[in-house]
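Heads up, the thing below is written out as structure tokens.
The values are calculated or read from the model by the stated rules, or taken from the named source; none is laboratory data. These numbers come from a predicted model, not from an experiment. Cβ placement follows ideal geometry from the backbone for every residue including glycine, while neighbour counts extend to all protein chains displayed. Accessible surface is based on the protein model in full, side chains and every heavy atom, while ligands, DNA and RNA are left aside. Shrake-Rupley method; radii C 1.70, N 1.55, O 1.52, S 1.80 Å.
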Amino acid sequence: MSKIWSFHGGIHPPENKQQSLQRPLEALPLPSRLVLPLQQHIGAPASPLVKVGDRVLKGQPIAEPTGFVSAYLHAPTSGTVVDLVDHSVPHPSGMTAPCVVIEPDGEERWIELQGVDDYRSLEKHELAERIRHAGIAGMGGAGFPTEIKLHLSDDHIINTLIINGVECEPYITADDMLMRERADEIIGGIEIAAHLLTPTHVLMGIEDNKPEAARAMTEAARRSRIDIEVVVVPTKYPSGGERQLVKLLTGVEVPSGKIPADIGIVVQNVGTLAAVYNAVHFGKPLISRITTITGEAASRPGNREVLIGTPISDLLAHAGVDPNRLTRLVMGGPMMGYALGNANVPLIKTSNCIIAGAADEFPPAPPAQNCIRCGACEQVCPAELLPQQLHWFAKGREYDKALNFNLLDCIECGACSYVCPSNIPLVQYYRHAKGEIRREQAEQRKAEQARIRFEARNERLEREKTEKEARRKARAEAAAKAQAAKKDDAVTSAPKADPEAALKAAKTAAAVARTKLKKAEKALQIARDSGESDLAALEAEVSAQQQKVAASEAALKAAESTAPAKTPDIKELKLAAATARTKVTKTEKALADAEAKALPSAEKLRSSLATLRSKADAAQHALAAAEQSARPAAPAEATAAATADLKQLKSNAAILRTKLKKARKAIEAGDSSAELAQQVTELEPQLASAEQALAAAQAQQPPHTGPDLKALKSAVAIARTKVKKAQKALDEAGDNDDLRAELAQLQQQAAAADAALEAAQQATESP
Amino acid sequence: MALMRLSSPHVHRPGKTGDVMKQVIAAALPGLATLVWYFGWGPLINAVFAVTLALLFEAVILKLRRRPLGFYLGDFSAALTGLLLALALPPYLPWWTTTVGVFVAIVIAKQLYGGLGQNPFNPAMIGYALLLISFPVEMTRWAGPQEVTGAQLSFVDALAVIFAGQGLPDAVTMATPLETFKHKGALTADELWAQSAQLLAGLHAWQAVNLAFLLGGIYLLLRRIITWHIPGALLFTLFMVSGFFYGADPSNHGSPLFHLSTGAIMLGAFFIATDPVTAATSNKGKLVFGASIGLLIYIIRTWGNYPDAVAFSVLLMNLAAPFLDYYTRPRTYGHKQPQKGIKR
Amino acid sequence: MADYRKITLDGLWHNNPALVQLLGLCPLLAVTGSVVNAIGLGLATTLVLVGSNLAVSLIRNLVPDAVRLPAFVMIIASYVTCVELLMQSLTYDLYQILGIFIPLIVTNCAILGRADAFARKNPVMPAVLDGLMMGVGFSVVLVLLGGLRELLGQGTLFSDMQLLFGPEAAGWKLTLFSDYPGFLFAVLPPGAFVGMGLIIAVKNIIDARRKARTERQPQPVEDGGSKRVRVTG
């Protein structure tokens, strides 16, 4: 007898199992219609292999899996496919799903079955394939395709196979009945599973409220070829939960977010293993199962062997359910099962129990009261959560906090709701919160995907653009080369690469080499300080880097010498000079500051100031030299620039004049602040210099570049208008010296403009 | 065939919040009976009066909040609050004092915070602490055990004392053991007991009351309405701390038995500190919670201003309960470490 | 042009420093044990508020932003010193009772808050009015709370008014309950908190009612189809 561990919490609800154990196992008569949902398992729904009107034989596959996690479906009896429709299926939401509807012909003709006498002779994957073809999915409730769990990939090494015969939910006795009646089939299935998984231990858990089943299983296990240990565990809900059973039998906990296979454990339900046995030895697919029908509304409760796809109404009728007493129809157990909205749904591979509940048996839940934090839920939670805290968080939509309190480790066993004295539907809160969290996460994933897509698109566009550019360049270069080749046929060889680019490359190479060297040196230093062992390697690296630096610097020098003496760019030089100057001023300031505060850094600043100054001087010299060399080099450009400059100079002068005028006016208006006076004194020389420059430029201007008649005409017009305006103003203002002087000036200007226009007109007419 | 579509689980353990409260009330009745036995009709009148007032105030506030009366009064939490407050009060407290206490407990400490389950502090203890601070004279006028004082107040007399403003006859009043011990001054413990023979004779009355509450508490434990963690840690800590000081200096400190059997210790340990709404909920948290209350009780009794300190200790630890809960979370199945604190 | 009506209403109700801004709670809770204390502190605070708002408004264009707070504090401190000296000379007993809370007016956030939030951005007249109304609003709450606590704590109203208004005011004392045992809780700081909470609650109730009324009246029911309320998901 191996040791039994224990898990936290758990409850002892009334078992109500005796009711359905009074009668022996019976087979349900053939129903008039069978409805087979294409999805009775976890994973992708199967895709039908038959069409309406097809005749099918008992055990013939009628749907095949559509993915890795999916399952076959077989005709439970011989007959005709009469429909392929959406039919209501067993689901908490009462939804409809695609189903194959078969009308039995009553002949029960089997397809030819091919059993294996010695499954040990088969390859393991072949054996798994047989189980897959039998359409077996976990019959304990979850419906996970069985062969996946029995034929794991190589990265899962299984040391323990656990057989779940616990059946901890109240009311359900299907597994109990199966273990009593068909213990040898179960043992056969365990042997096959053990052959596939090669575990070191095979443990079977049965609750101590099923002594008969435990006895039958122990007997059968003794006869088995392999060592199967039947462990009787104390009755407690939810011992049959996969994770709880693992803890109970092995003392190991399945880590959060992992499956038992990750820690070398596989859990299989007894019903599933019996089905595996039948599939391997007789080739029988999964077309029927044992289902418990019980509840106070049923007059003949018990266990029935039913064909998959049998409508629940048939089962209810057979069990003598009084429709007037029936108020709640539960599929599954009372703790985790779901209530059905009508009896017109079929039984599926995972339907282990139907409870036809009467009103006094399942009264409607009383209204929820306030939570008084009594902690009863916490005492019973098998996952050791804090249900009342989760309830607050779920209620307040604080899903982050709920996650922090491990909401996702909740197995929804319902123990907390069961004990809550305030009748709070805790599990419902958790389901809702989990749904919300999943939705949020899905949205986040979506957003993330969208972001990745967007970035990928941008990248692609960018890449295409650069590629296009590169192609264009390449074409242009090729064309240029061709041109050059044509032109310079005589020239022996053009320089292969652009010397400037080479220089640049050499520079970066040198810089990279230097950084690497520095890093290596630093690493060496650190290693030395910490007294590490592999100093030699580091030293070698440093010397290698030093060599590299030397080499790259040599290359750089070579490149510099080969590069043609570049005409220095004036703009760059100007910028450099300006930067140098700013640096100097900054340092000067800092120095002054430091000196004022008598900081120790003053000395340092002083020396750096000296170097900066010399640098600035050098930059200035370089600039001056470059400017001188540039001037004679571009005489043609100068004229072009001159016209532009003339304009510039003119506008400059105009701006200055306006400013000056404004300032003067302001002074006249009585605002005799020092600022304004200073402005005027400043502006006057500026204006004078600007006007001088303008005059010089105008003098330089070649005199007959074709006088612009239009401009002259408009100038005349403007001058005249001004004169007129001034005259009017004078008339209105009466006697005013200022105005009169202005008028005189304007009149002069107008006359000058007239004269210029005339001269120009003559000049254009004469040739 | 109208089928109900309800979410699982479909079965529910019988028993409601109201049943829990009723059992707590029932468990407190032996204590009340003992009080009546030793101190006369006063405690009973107080209890009936306080419970009535509590239900009344609760009903008024529920009406103001537009909540269904029957549903909320049926949880018996207001009645329990009134009863617990009355059990903590001196036996012949004037009616208006009780009224103020119940008003503060129900209206301010409970309903203004949102009603049952939402109050951070134990309502009964808020009411008690407020009375103790505001009306020190009334709140320290204790009656002595009838057999010791020899003066018996008839039911009518008791009514007159409580409701008609007749002062409590001096013959009836007597300081509680804790008060006497608190104000023993320079006397050693032995000298004190030698001097106050009357008190020594009456000591067993207070001990009997505590014993009755202890029995009630054990009943609650057996009915699994409370867990052992809070009372166990509280009594154990008080025992250890008082034992340490008694062992070090028996002439100036009360014995552990004296500390455990006087004042409101058993009432506090089993009925007040265990109020689930305001206590820590995790088992580890409960242990810290109970132990801290025990320690605080000893500290305040010995070095504080008040002879008894259950109310203040409980209130102080109520303040720390959420913190305790966040830092004593159990390790969830499949996790290596329990999470601590709360992430923002 | 400043809206004087709005300033007045803001100070007294909508933006009451004690009930809405919850500023200056320290003196508010500490000295409102009786009506006379409340009036004393209220007057002192109002005086300082008006004076500081006036001065701050006057210098608003002269003080650079960077140093405005020290300047304001200097102004406020000067006024507080004046008020302190005045109280020493006129109502020495009350000054003794209020003790440290008179000098502490300097640190009353309501005053600095008004100087910074209002007076430095507004001309003199609105600033003075704002100071006055804020001061009155603050004082009203002080007196209310003082009255409440005096009534609950001692069963009297307007006791010791002679401290502030001279000997003839000694007779103003109203004893509402003759044999009142005293309710120490109301006199202690927790009582101040509870009382303050109740006053704020009453203000919120009034505001909520008024809002509901104004929302109900001017807007006729929009017709044009029923609004479907999403009840699921």
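Just one of (1) open to solvent by 20 Å² or more (accessible area, probe 1.4 Å); (2) part of a loop (DSSP other than H, G, I, E, B); (3) in contact with a Phe, Trp or Tyr (Cβ under 8 Å, 6 or more places away or on another chain) fails for residue B:279. It is (1).
Scanning the stretch A:518-547 for residues that are more than 43 Å from the chain's Cα centre (by Cα) and either at pLDDT 70 or above or in a helix (DSSP H, G or I) (or both) gives A:528, A:529, A:535, A:536, A:539, A:540, A:543, A:544, A:546, A:547. Within the set B:264, B:269, B:320, B:311, the sole residue that is touching a Pro at 6+ places or on another chain (Cβ under 8 Å) and more than 14 Å from chain A (Cβ to nearest Cβ) turns out to be B:269. Of the residues making up the stretch A:250-270, just one is more than 15 Å from residue A:233 (Cβ to Cβ), more than 32 Å from the chain's Cα centre (by Cα) and part of a loop (DSSP other than H, G, I, E, B), namely A:252. Exactly one residue out of C:201, C:212 is within 26 Å of residue C:22 (Cα to Cα), within 14 Å of chain B (Cβ to nearest Cβ) and at pLDDT 75 or above, and it is C:201. Summed over the stretch A:97-107, the residues that are open to solvent by 70 Å² or more (accessible area, probe 1.4 Å) and part of a loop (DSSP other than H, G, I, E, B) give a count of 1. Filtering the stretch A:373-390 down to residues that are under 17 Å from residue A:236 (Cβ atoms) and part of a helix (DSSP H, G or I), which residue is most open to solvent (accessible area, probe 1.4 Å)? Result: A:379. Set side by side, the residues A:302, A:283 differ, and just one is on the phi > 0 side of the Ramachandran plot and open to solvent by less than 10 Å² (accessible area, probe 1.4 Å), which is A:302. For the subset of the stretch C:107-164 comprising residues that are touching a Phe, Trp or Tyr at 6+ places or on another chain (Cβ under 6 Å), within 30 Å of residue B:134 (Cα to Cα) and small (Gly, Ala, Ser), which member is surrounded by the fewest Cβ atoms within 10 Å (Cβ to Cβ)? By that ranking, first place goes to C:155.
Yes or no: the stretch A:674-686 includes at least one residue that is assigned to a helix (DSSP H, G or I) and at pLDDT 75 or above.
There is at least one residue in the stretch A:674-686 that is assigned to a helix (DSSP H, G or I) and at pLDDT 75 or above.
With respect to (1) over 30 Å from residue A:626 (Cα atoms); (2) open to solvent by less than 100 Å² (accessible area, probe 1.4 Å); (3) at pLDDT 75 or above, the lone exception for residue A:473 is condition (2).
Determine if the stretch B:159-171 includes at least one residue that is open to solvent by less than 70 Å² (accessible area, probe 1.4 Å) and on the phi > 0 side of the Ramachandran plot. Yes, that holds for at least one residue. A count restricted to the stretch B:274-310 and to residues that are out of contact with any Ser or Thr (no Cβ under 6 Å at 6 or more places or on another chain), among the hydrophobic types (A, V, I, L, M, F, W, C) and under 25 Å from residue B:252 (Cβ atoms) stands at 5.
Name the strands (runs of 3 or more DSSP E) wholly inside the stretch A:1-96 in which the number of residues that are over 37 Å from the mean Cα position of the chain (by Cα) and over 30 Å from residue A:233 (Cα atoms) is 3 or more.
A:34-37, A:79-88
Filtered by the rule that a residue be within 9 Å of chain B (Cβ to nearest Cβ) and touching a Leu at 6+ places or on another chain (Cβ under 8 Å), the stretch A:373-387 gives A:378, A:385. Within the stretch C:25-38, identify whether any single residue is assigned to a helix (DSSP H, G or I), open to solvent by less than 10 Å² (accessible area, probe 1.4 Å) and touching a strand residue (DSSP E or B) at 6+ places or on another chain (Cβ under 8 Å), and answer yes or no. Yes, the stretch C:25-38 has at least one match. Screening the candidates A:342, A:370 for the property of being closer than 30 Å to residue A:70 by Cα, modelled with pLDDT under 90, open to solvent by 30 Å² or more (accessible area, probe 1.4 Å) and within 11 Å of another protein chain (Cβ to nearest Cβ) yields one hit, A:342. Selection of the stretch B:173-224 for residues being β-branched (Val, Ile, Thr) and in a helix (DSSP H, G or I) yields B:180, B:209, B:218. Restricting attention to the stretch B:120-159, the residues being under 18 Å from residue B:96 (Cα atoms), among the aromatic types (Phe, Trp, Tyr) and over 18 Å from the mean Cα position of the chain (by Cα) number 1. Of all the criteria given as (1) surrounded by 24 or more Cβ atoms within 10 Å (Cβ to Cβ); (2) more than 30 Å from residue A:421 (Cα to Cα), the one not satisfied by residue B:138 is (1).
Is it fair to say residue A:411 is more than 8 Å from chain B (Cβ to nearest Cβ) and part of a loop (DSSP other than H, G, I, E, B)? Yes. The numbered conditions (1) small (Gly, Ala, Ser); (2) under 30 Å from residue A:356 (Cα atoms); (3) more than 14 Å from chain B (Cβ to nearest Cβ) are all true for residue A:224 except (2).
There is no residue in the stretch A:441-454 that is open to solvent by less than 50 Å² (accessible area, probe 1.4 Å) and either modelled with pLDDT under 90 or within 30 Å of residue B:117 (Cα to Cα) (or both). Output yes when any residue across the stretch A:391-408 is at the interface with chain B (Cβ under 7 Å from one of its Cβ atoms) and acidic (Asp, Glu), and no when none is. No, the stretch A:391-408 contains no residue that is at the interface with chain B (Cβ under 7 Å from one of its Cβ atoms) and acidic (Asp, Glu). Residue B:75 fulfils the conditions (1) open to solvent by 60 Å² or more (accessible area, probe 1.4 Å); (2) outside any helix (DSSP H, G or I); (3) of a type outside the set (S, T, N, Q); (4) within 12 Å of another protein chain (Cβ to nearest Cβ) except for a single criterion, (1). Note on the stretch B:232-269: residues that are in contact with an Asp or Glu (Cβ under 6 Å, 6 or more places away or on another chain) and without any contact (Cβ under 8 Å) to a residue 12 or more places away in the chain total 0. Evaluation of residue B:93 against the conditions (1) surrounded by 22 or more Cβ atoms within 10 Å (Cβ to Cβ); (2) in contact with a Phe, Trp or Tyr (Cβ under 8 Å, 6 or more places away or on another chain); (3) within 14 Å of another protein chain (Cβ to nearest Cβ) shows that the sole unmet condition is (2). One residue alone among B:3, B:29, B:55 is free of Cβ contacts under 8 Å to residues at least 60 places away in the same chain, open to solvent by 20 Å² or more (accessible area, probe 1.4 Å) and away from chain A (no Cβ under 14 Å), and that residue is B:55.
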